[in-house]
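Notes follow the structure.
The values are calculated or read from the model by the stated rules, or taken from the named source; none is laboratory data. No experiment lies behind these values; they were computed from the predicted model shown. Here the Cβ is made from the backbone with ideal geometry for all residues, glycine too, and neighbour counts use every protein chain on show. Note: areas computed on protein heavy atoms with side chains; ligands, DNA, RNA excluded. Shrake-Rupley method; radii C 1.70, N 1.55, O 1.52, S 1.80 Å.
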Amino acid sequence: MEGKTCCVTGHRDLPQKEINHVKAALRREIDSAVADGFTRFMSGFADGVDQYFAEIVLEKKKTNPALELIAVIPYQKRLDSLMAKGRTYEMLEACADVVMQEKCHPSVYSHRNRYMVEHSDRVIAVYDGREKGGTVRAIRFAHQFRKELREIPVGLILDKNRTNLGQNRI
């Protein structure tokens, strides 16, 4: 029987103070996914959340060889750029597969995100409440395709909640 697939979406520009929180939350979500029978994990390999996710999956693969990481790269020049860096080169070499989307054009990142969501059973989203950008579009794809969505709130969402909590206090 083929295992279930989980992908990640998230921001590239997280506040420095949020990074450790995000990595810990990603680790918990990946552990939860593995416990729920997920064995394939997809990352778009963008800076930030995508690469944190890939690092954690590969770390867990050392003790659980059934896990697979699949890189979904939007276009050739992006792959070339990633392969030129030692850290991402090693991660890509450890992937079970590298899926190349297409030639570069304005919507390649949206196409990459849609592909990952369509081919996943669960989507993990690190999201700060922005109303524009790739992360919110991937979340919309998850809703559109009725995929399980696990959200890790950061930044603006947390700040709004803190502000709202402060306003409700007497």
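For this structure, a couple of remarks:
- Solvent-accessible area, 1.4 Å probe, carbon plus sulfur percent, for the stretch 1-127: 50 percent
- For the options T63, T88, T39, a Gaussian network treatment of the chain with springs between C-alpha atoms closer than 10 Å singles out T63 as fluctuating the most.
- Here's how it looks for E148: its modeled amide H is under 5 Å from those of V123, which are all 5 or more places away or on a different chain.
- Taking every DSSP bridge with both residues inside the chain, close to 0 percent are antiparallel.
- Between Y127 and I152, V154, the built amide H atoms are under 5 Å apart, and every one of these is 5 or more places off in sequence or on another chain.
- Kirkwood estimate for the stretch 27-109, i.e. one over the average of 1/r between Cα atoms, Å: 13.2 Å
- Structure-based [θ]222 nm, the chain - -39500 (n - 2.57) summed over DSSP H runs of at least 4, per residue, nearest 500: -14500 deg cm²/dmol
- V99 versus H119: modelled label distance in nm, points set 7 Å from Cα along the beta carbon direction: 0.3 nm
- Trypsin sites (Lys or Arg not before Pro) restricted to the stretch 20-129 and DSSP loop, no more than 14 other C-beta within 10 Å: K62, K85, K103
- Each Lys and Arg adds +1 at its Cβ and each Asp and Glu adds -1 at its Cβ; summed about the Cα centre, the stretch 11-140 shows a dipole of about 260 debye.
- Isotropically averaged projected area of the chain, using the convex hull of Cα atoms (one quarter of hull area), nm²: 11.1 nm²
- Computed extension gain for H21 through H143, at 0.36 nm per residue and net of the alpha carbon distance, reaches 41.4 nm.
- Signed unit charges on C-beta, dipole axis of the chain, positive-most listed residue Y89, P153, L58: P153
- Relative contact order for the stretch 16-110: 25 percent, from Cα pairs under 8 Å spaced at least 6 residues apart, divided by residue count.
- ³J(HN,Hα), Karplus 6.51/-1.76/1.60, whole Hz, each residue of the stretch 55-71, x for Gly, Pro: 4, 5, 4, 5, 4, 5, 5, 4, 9, 9, x, 6, 6, 10, 10, 10, 8
- Residues with amide H under 5 Å from that of G44, placed H, sequence gap 5 or more: V8, V72
- Solvent-accessible surface of the stretch 7-164, taken per residue with a 1.4 Å probe and all protein chains present: 50 Å².
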